[in-house]
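Chemist: Please see the structure below; I have some questions.
Please treat every number below as a calculation from the coordinates, not as lab data. These numbers come from a predicted model, not from an experiment. No Cβ is skipped: glycine too gets one built from the backbone with ideal geometry, and neighbour counts run over all protein chains shown.
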Amino acid sequence: MRTTRTLSALALATVLAVTATGCGSDDSGSKQTLTVFAASSLTRTFTELGRQFEAEHHGVTVRLGFGGSSDLVEQIRSGAPADVFASADTKNMDKLGDAATDPRSFASNTLEIAVPPGNPAGITDLQDLTKPGVKLVVCAPEVPCGTATQSVARSASLTLKPVSEEQSVTDVLGKVASGEADAGVVYVTDVKGAGSKVEGITFPEAAGAVNVYPIAALRDAKQSRLAQEFVDLVLGRDGQQVLADAGFGKP
Amino acid sequence: MRPPGVGLPRWLYLPAGLGAVFVLLPLAAMVSRVDGTHLVALITSPSSREALWLSLRTSAASTLVCVVLGVPMAVVLARTDFRGQAAARSLVLLPLVVPPVVSGIALLYTFGRRGLLGHALHVVGVEVAFTSVAVVMAQTFVALPFLVISLEGALRTAGQRYEVAAATLGASPSTVFRRVTLPLVLPGLVSGAVLAFARSLGEFGATITFAGSLAGTTRTLPIQIYLERFDDPDAAVALSLLLVVVAVLVIAPASRATVRHRRGTR
Amino acid sequence: MTTLEYYATVGARDVSVRLTVGPGETVALLGPNGAGKSTVLGVIAGLLAPTAGQVTLGGRTLVSATGPVVAPHRRDVALLAQDPLLFPHLTALENVAFGPRARGVRRPQARATARLWLDRVGVADLGDRRPHQLSGGQAQRVAVARALAADPALLLLDEPMAALDVAVAPSVRQLLREVLVDRSVLLVTHEPLDALLLADRVVVVDGGRVVEDGPTTEVLTRPRSVFAARIAGLNLVAGTWDGSGVAAAPLVVRGMTGDPAPARAEEAVAVFAPNAVSVFRDTPTGSPRNAFSAVVTDLEPLGDRVRVRTEASGHRLAADVTPAAVADLGLGPGATVQLMVKATEVTIYAASRPTAFSAR
């Protein structure tokens, strides 16, 4: 008897714990939730656009999930309940195949050199990154910003010798902003987003590796109508304005 | 054979079993995703071997540093009384509870170029950031508490009676430490060192924050796995398996030796 | 000249003791639990700091209120406790060689010394064994060898037989009797046999103070303290001599005056053996000189007799009777009885011992 009672108490506690963490969905009634998965570099702009969308659609809550594009693709394929996906590159969007409905390019991004405030190593162009003694940090070739950096360097016939190949733009910016590195190669929008913590130096070779951002409503979206409306907002005048303010280029 | 003892309440086995499943199932799931045909090729690729070799080297070095610094720390904590000892112990164990990334940031603010000691180090020509030394430092920082806590426990359990006996036989404090204290707590020291090695081997957050990530210099096995995950999930899974196997190979013999040692002296 | 001169107070434990150990002398330190015996050993070994006093060994000051404190390993004092505390990671031989090695003796020579000592304590064949492979008696023999191999100026023994089997203790006691000859030893024990067989002199402490100090046979045959009487297996009533008996209100014990005879109103003790005490349920007829009303507290079989422990007006008195008498009288804890002792069986002498603290 006592055993049974202890067990039921355990089971009850587990159920309560699970309920309390909010695993239940709440699509019913007038409240509606739109889930948007977007690449980390879109954090600022999409937070702003989500707010606009909520203001225009009464009773709709926009839930935003940011992360590396390949992580997000993996999550969507594993059944994460996303309605819209905005990728930092076409390669990851392509991985979704049919699951993404009619992907459209909505922004582009180019590389820029980020240096600590005051530019202690005196970097002026891409060539300077190969100067001896310059501590350079780039994205690893395995991640999109690293691929772009590599192709830019290759077309300029330069061999970059970074002291570290980071997993993400954030890691590169962190090392530059702290002064640990003399220079890093990231996207224009990242430099802009970092504010006064880093300075940006544009270089002409960047035009050779423009990164295009596609967006799509997802086939399995629970809110397919809202999903399409969100995509329209991003592609529309207001969306493009917000993106341009953040430094993104035209698609 | 273990004597039957008083027995356990039967309901205890349910949560115990659930816990075991919770730990083992993800491992099994990972093994099931391993691409058998390419496993050997993935594990023996130059980048994998480089990362593994770096991980083993740095983990061994940080374990050594942990022993050299941690043994005296544990002895001071276990055998002396001083003001603020409780606070000192909490601070020493802090890296256990702090997220590794925070440890990395703290190290950066200390030994980084613009850190507390960074300038002084720069003047004497020492730059640790982005070097394998930084990897060892990050690993030592997070692994040291494991050694200290397990050795301090062993010292307290062993008590001071043998040390007192040795002193009355004419042994100086150094002799007592070398010939009595250390041999008595050797099992605790070994298991502490193994824990420290395992923690170093798995270290990720502090390393990537403080040391960066460059093949052959700072890109340890966990960082390689994290990186491969984007590009080549099959390789990431294969390397994860490799890491698990290496960890098991290190831990299993050491823990068996510890158990045997305990049985032998009791 | 004496080897150990000890006068020290440990304030926190309220232990203030003065004692000496002469060259080659074995002194037994007796006393009930908590009397302060271990505190004394701790101060001598350097494990406890006294709040006042001075301890010297062979003329060298180990600790004093003003001077520096000599570290335990420089005191030349070895300690053997009831737990042999052999180092578990060393063989018996290495354990015994530990002391000489710690003093800088080279390894082969230290091992040779260790072999000699293992032979002397009768376990020469066990040198290669680890402590967990030794029996309790064997381990204590090795511990004795280890303490002696360190060649200490003073050997402290802290109830060395207390943890041993009853069957093993006699042989270890015999061993100590042989090896302690001509050594300066301070032996803490609660066993009168240890004191009788091993000690030249006995110091009794109670409540943190020395209550008796004298030659072993003297103390155990003519105890002045309740504790010494108890370990000697005797009844003792302490009071004042009123000219005809020892008055310890409300009791008065009459008996034969012995040496030293007490003066009137002087503190005196009356001592008598438990087998001299008769037990009755009712007040016997006639008028015996010593009759005390008492309550039985405890019965304990003792060979072919039963020891009846009683309390008579705050004094603990024991009587030895036959098992048949226990049954006939229906004795048990709580029973009220009359104790009778013939005056001819009682020895009375002065409580003060002129020879106490003779070595001061």
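Chemist: Grab the protein assembly as shown and count how many Lys pairs have their alpha-carbon atoms under 23 Å apart, sequence gap of 8 or more, or different chains.
Modeler: 13
Chemist: Can I ask one more? Over the range A:111-208, calculate the relative contact order: mean separation of alpha carbon pairs under 8 Å at least 6 apart, over the residue count, as a percent.
Modeler: 47 percent
Chemist: Angle between the Cα long axis of helix A:224-235 and the longest principal axis of chain A, 0 to 90 degrees, nearest 10?
Modeler: 20 degrees
Chemist: Rounded to the nearest 500, what is the 222 nm mean residue ellipticity of chain A from helices alone, with -39500 (n - 2.57) per DSSP H run of 4+ residues and division by all residues?
Modeler: Dividing the helical sum by the residues of chain A leaves -11500 deg cm²/dmol.
Chemist: Hey, how much of the P(r) for the range B:38-265 falls beyond 34 Å, as a percent of Cα pairs?
Modeler: 24 percent
Chemist: So what are the ³J(HN,Hα) numbers for the range A:159-171, from phi and the Karplus equation (6.51, -1.76, 1.60; θ = phi - 60°), rounded to whole Hz, Gly and Pro as x?
Modeler: 10, 7, 10, x, 7, 7, 10, 8, 6, 8, 4, 4, 5
Chemist: I want to verify a result. In a Gaussian network model of chain C, Cα cutoff 10 Å, which of these has the top mean-square fluctuation: C:195, C:263, C:149?
Modeler: For chain C, modelled as a Gaussian network with Cα springs under 10 Å, the answer is C:263.
Chemist: A further question on this structure: In whole Hz and in residue order, list the ³J(HN,Hα) couplings for the range C:295-310 that follow from phi through the Karplus curve 6.51 cos²θ - 1.76 cosθ + 1.60, θ = phi - 60°; x for Gly and Pro.
Modeler: Per-residue couplings from phi come out as 10, 5, 9, 6, 10, 9, x, 9, x, 8, 10, 10, 8, 9, 9, 9 Hz.
Chemist: Further question: Can you give the convex hull volume per residue for the Cα atoms of the range C:233-350, as a whole number of Å³? Please report the intermediate quantities before stating the final value.
Modeler: Working: hull volume 11.2 nm³, N = 118.
Residue-normalised Cα hull volume stands at 95 Å³.
Chemist: Something else: Modelling each spin label as a point 7 Å along the Cα-to-Cβ direction, I'd like the residue C:240/residue B:81 distance in nm, to one decimal.
Modeler: Result for the modelled spin labels: 4.5 nm.
Chemist: Considering amide H positions built from the backbone, and no H for Pro or chain starts, which residues 5 or more places from residue A:101, or on another chain, come under 5 Å of its amide H?
Modeler: Here the answer is A:217, A:218, A:219, since their amide H atoms fall under 5 Å of that of residue A:101.
Chemist: Moving on. Can you list which of the DSSP-assigned H helices in chain B have a Cα extent of 20 Å or more along the long axis and an average Kyte-Doolittle score of at least 0.5?
Modeler: B:13-32, B:46-79, B:132-158, B:186-202, B:233-265
Chemist: Over all pairs of distinct alpha carbons, what does the Kirkwood formula give as the hydrodynamic radius of the protein assembly as shown, in Å?
Modeler: 35.5 Å
Chemist: Averaged over its residues, how many other protein chain Cβ atoms are within 10 Å of peptide C:98-107's Cβ atoms?
Modeler: Taking all residues of C:98-107 together, the mean is 4.
Chemist: Report, in order of residue number, the helices in chain C meeting two criteria: a C-alpha extent of 24 Å or more along the helix axis, and a mean Kyte-Doolittle hydropathy of at least 0.5; treat each whole DSSP H run as one helix. Provide the component values of the computation, followed by the final result.
Modeler: Details: long enough: none.
TM-like helix candidates: nothing returned.
Chemist: Using Cα atoms only, what is the angle between the long axis of helix A:2-20 and the major principal axis of chain A, expressed in degrees (0 to 90) to the nearest 10?
Modeler: Value to nearest ten degrees: 50.
Chemist: Show the residues, 5+ positions off or on another chain, whose built amide H is closer than 5 Å to the amide H of residue C:315.
Modeler: The list, which skips near neighbours in sequence, is empty: none.
Chemist: Tell me, what ³J(HN,Hα) does each residue in the range A:107-115 have, in order and in whole Hz, if you take phi through Karplus 6.51 cos²θ - 1.76 cosθ + 1.60 with θ = phi - 60° and put x for Gly and Pro?
Modeler: After applying 6.51 cos²θ - 1.76 cosθ + 1.60, I find 6, 9, 9, 10, 7, 8, 8, 9, 10 Hz.
Chemist: Where in the range C:308-322 does the label zone of residue C:328 land, with the point 7 angstrom along Cα→C-beta and an amide N cut-off under 17 Å?
Modeler: C:308, C:319-322
Chemist: About the Cα centre of chain B, what is the dipole size in debye to 20, counting +1 per Lys and Arg Cβ and -1 per Asp and Glu Cβ, all else neutral?
Modeler: Using Cβ point charges on Lys, Arg, Asp and Glu, chain B gives about 1160 debye.
Chemist: Could you check the spin-label model distance between residue C:14 and residue A:91? Points 7 Å from the Cα along Cα→Cβ, value in nm.
Modeler: Calculated label separation equals 8.4 nm.
Chemist: Kirkwood Rh over alpha-carbon pairs of chain C, then Stokes-Einstein at 4 °C and 1.567 mPa s: what D in µm² s⁻¹, rounded to an integer?
Modeler: 57 µm²/s
Chemist: At a Förster distance of 51 Å, what's the computed FRET efficiency of residue C:200 paired with residue C:256, Cβ-Cβ distance as r, to 0.05? Could you put the intermediate results ahead of the total?
Modeler: Values: r = 29 Å, r/R0 = 0.57.
In this case the efficiency is close to 0.95.
Chemist: Given the options B:141, B:22, B:197, state which has the largest fluctuation in a GNM of chain B using a 10 Å cut-off (strictly under) for Cα springs.
Modeler: Highest fluctuation of the listed residues: B:22.
Chemist: In a GNM of chain A with a 10 Å cut-off on Cα contacts, which of A:174, A:67, A:79 has the highest mean-square fluctuation?
Modeler: Evaluated over chain A, the most mobile residue of the options is A:79.
Chemist: What residue among B:177, B:75, B:134 has its Cα farthest toward the positive end of the dipole of the range B:38-265, where the charges are +1 on Lys, Arg and -1 on Asp, Glu, each on the Cβ?
Modeler: B:177
Chemist: Compute the angle between helix A:144-155 and the longest alpha-carbon principal axis of chain A, please, reported from 0 to 90 degrees and rounded to the nearest 10.
Modeler: 20 degrees
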